[in-house]
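The values are calculated or read from the model by the stated rules, or taken from the named source; none is laboratory data. Treat the numbers as computed from the prediction; the structure is a model and nothing was measured. Cβ coordinates were reconstructed from backbone atoms using ideal geometry, including for glycine residues, and neighbour counts include every protein chain displayed.
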Amino acid sequence: MPSPLPYTNALVIGAGSWGTALTAVLADRGLQVQFWGRDHELMDEIQSTRRNSRYLPGLVLPSSIQATASLNDLQPANLVVFVVPSKAVRETASTMASLPALQSARVLISCAKGIEMNTGRRLTQILHESFPTTPLAVLTGPNHAEEVSQRMATAAVVACENDDIARDVQCCFTLPWFRTYTSDDVTGVEWAGAMKNPYAIAAGIALGLKLGDNAIAALVTRALAEMVRMGIAMGGRAESFMGLGGVGDLMATCYSEHSRNHRVGRLLGEGMPLQEIMSSTRMVAEGVPNTASLHEAAKAKGVRTPLLDEIYAMLYQAKPAKEAMRALLSRDPRSETE
Ligand SMILES: NC(=O)C1=CN([C@@H]2O[C@H](COP(=O)(O)OP(=O)(O)OC[C@H]3O[C@@H](n4cnc5c(N)ncnc54)[C@H](O)[C@@H]3O)[C@@H](O)[C@H]2O)C=CC1
Ligand SMILES: O=C(CO)COP(=O)(O)O
């Protein structure tokens, strides 16, 4: 049985599919949950019907949650979950920083997956700029909202530099069907969570091109090698890339039909232009902006990332997918450990 709750009320910021699923997790665990999203029409719908028909239609949220789009409605919360897309984290954090509701926060949890363009900053580093005295944690792992919302067995990682806070957050995200592990490698899990997104696009492309299971397994394995190389260069630990936030999330997104990144890749592989794919859904595919920011960060740090370079060329330089795959296969032979 889970222990008593260290935090009693939560605020979830961001009303996409993951924010909606996490609202349900925290409410199931017994926290009082406020749920904020920027769209008034959607938040009114959630408050009156308990459903987010736009992003996670199958889930009926508990009646205890309070959904709103009005910042003035927010009441003080001691656990705050940031789950807007990565490109919206800076603006949302700076807007929220002055609100009384967030002044009493005892921990802020970053749940998006990305690295900022132009600064190469991790999302907790961005949150720290707006909340310099509030402890920060990351929740990450192979966690498709569609499955979490159906209470299907799921495991995740809570990373925080402070072990006590990591355990307190872990306690709030512990349910019979939702298991969390702690880590103190915030840097490693944040780089891992961002990096798996472009590779999920690549795995989707390989599927769309019907390259076969051998090719996809090779791609995913070499993606992991690239993730570890990059993660260590950025200050993370290799072991984090072997855990749920690394290889776990890489597999979940590279092989799952739920993954929006995988879908983008599959459609690209089938020949649909990127612009058309992006305008066919309102859901975020972080791998598209992440490819640009990670490519930029890799070049700045001098990390060798042949896969990411080809994904960048496909997404941003209109390189045909077949040509990119040929380029990868015709590279100079080398040792697997290089
Ligand atoms: N969906 C999933 O299964 C999981 C998603 N994540 C991560 O969570 C983050 C959010 O993703 P989802 O909830 O899936 O997104 P989504 O695509 O389901 O919805 C995006 C949400 O963000 C909102 N949004 C967009 N720009 C905004 C802005 N400037 N200010 C405030 N809100 C804004 C939209 O209105 C919408 O509610 C992403 O970084 C994603 O990688 C992480 C784990 C699982
Ligand atoms: O991060 C995720 C699962 O862990 C969600 O992946 P997508 O953003 O590709 O749907």
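Determine whether segment 326-336 contains at least one residue that is buried (at least 21 other Cβ atoms within 10 Å of the Cβ) and not polar (S, T, N, Q). No, segment 326-336 contains no residue that is buried (at least 21 other Cβ atoms within 10 Å of the Cβ) and not polar (S, T, N, Q). Among residues of segment 220-265 being among the hydroxyl-bearing types (Ser, Thr, Tyr) and near ligand 2 (Cβ under 10 Å from one of its atoms), the one that is surrounded by the most Cβ atoms within 10 Å (Cβ to Cβ) is 253. Any residue that is more than 15 Å from the chain's Cα centre (by Cα), at negative phi and within 16 Å of ligand 1 (Cβ to nearest atom) - is there at least one of those in segment 282-290? Yes, segment 282-290 contains at least one residue that is more than 15 Å from the chain's Cα centre (by Cα), at negative phi and within 16 Å of ligand 1 (Cβ to nearest atom).
Take segment 63-108 and flag every residue that is in contact with a helix residue (DSSP H, G or I) (Cβ under 7 Å, 6 or more places away or on another chain), within 16 Å of ligand 2 (Cβ to nearest atom) and outside any strand (DSSP E or B). Within segment 63-108, 83, 84, 86, 87, 89 qualify. Does residue 158 satisfy the criteria of being within 13 Å of ligand 1 (Cβ to nearest atom) and touching a residue at least 24 places away in the same chain (Cβ under 8 Å)? So residue 158 fails the test.
Summed over segment 49-65, the residues that are touching a residue at least 60 places away in the same chain (Cβ under 8 Å) and more than 10 Å from ligand 1 (Cβ to nearest atom) give a count of 2.
The residue pairs whose first member lies in segment 37-48 and is under 11 Å from residue 67 (Cβ atoms) and away from ligand 2 (no atom under 16 Å from the Cβ), whose second member is in a helix (DSSP H, G or I) and not small (Gly, Ala, Ser), and whose beta carbons are closer than 8 Å, counting only pairs six or more residues apart or on different chains, are 37/43; 37/46; 46/20. Entry remark, segment 268-322: residues being within 12 Å of residue 201 (Cβ to Cβ), outside any helix (DSSP H, G or I) and at pLDDT below 95 number 0 in total. Output yes when any residue across segment 192-204 is more than 14 Å from ligand 2 (Cβ to nearest atom) and either out of contact with any helix residue (DSSP H, G or I) (no Cβ under 6 Å at 6 or more places or on another chain) or of a type outside the set (Val, Ile, Thr) (or both), and no when none is. No, segment 192-204 contains no residue that is more than 14 Å from ligand 2 (Cβ to nearest atom) and either out of contact with any helix residue (DSSP H, G or I) (no Cβ under 6 Å at 6 or more places or on another chain) or of a type outside the set (Val, Ile, Thr) (or both).
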